Amino acid sequence: MKKLFFSLVIIAIGFSANAQSSDVSFDKSTSYAHFGIGFGGGFYTGNVTLPPISVSYEKAVTDNISVGAIVGFSSSKYTYFTSYDYKFTYILIGARGNYHFATSDKLDPYAGVTLGYNIVSVSAPSGGSDYRSKGSALLAGAQLGANYYFSSNLGAFAELGYGIGILTIGLTAKF
């Protein structure tokens, strides 16, 4: 995972070569919110019943650095011996920070880290075993992503990394 992240960071640094323009999509006055859906990852047990969805908010603290929060939710189901269905829910609450390589007024590539807590709960079937989840834990993740703006304040984003999903895509709103 570390090799993948550092490789992605090196690629993102390549984006920064064009960051000399004064008309860029990210600066100290920027705040944005992401609304996304995640794909992939070992975040769950069994079969996914609701893919990871997330909402995040970040505020620029410099012309290149943003900090904020993320909340995510997902659920899955695991069938034991074809007759017992265990239902898992996952809630991620965390803080995140990103370094932005804003290259134009439309493209805002970034790389960053997420630190949070993944709350796991399970409901066992009646007549099933007395299974209790021990999966709640700290989450330390990293992401490489980009915002692409269709207008001055609305666009799409995509992120690769470890957090709510290996790939997360969705809408972004800048204000």
(message) Against the definition (among the hydrophobic types (A, V, I, L, M, F, W, C), more than 12 Å from the chain's Cα centre (by Cα), within 16 Å of LEU139 (Cβ to Cβ) and modelled with pLDDT under 80), how does PHE5 come out, yes or no?
(response) yes
(message) Looking for something touching a Pro at 6+ places or on another chain (Cβ under 6 Å), under 22 Å from SER31 (Cβ atoms) and crowded, with 16+ Cβ neighbours inside 10 Å - is there at least one such residue anywhere in the range 157-168?
(response) yes
(message) Which numbered condition in (1) over 14 Å from ALA33 (Cα atoms); (2) out of contact with any helix residue (DSSP H, G or I) (no Cβ under 7 Å at 6 or more places or on another chain) is the only one that PHE157 fails?
(response) (1)
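The values are calculated or read from the model by the stated rules, or taken from the named source; none is laboratory data. In this text, all values refer to a predicted model and were calculated from it rather than measured experimentally. All Cβ positions, even for glycine, are placed from backbone atoms using ideal geometry, and neighbour counts span all protein chains on display.
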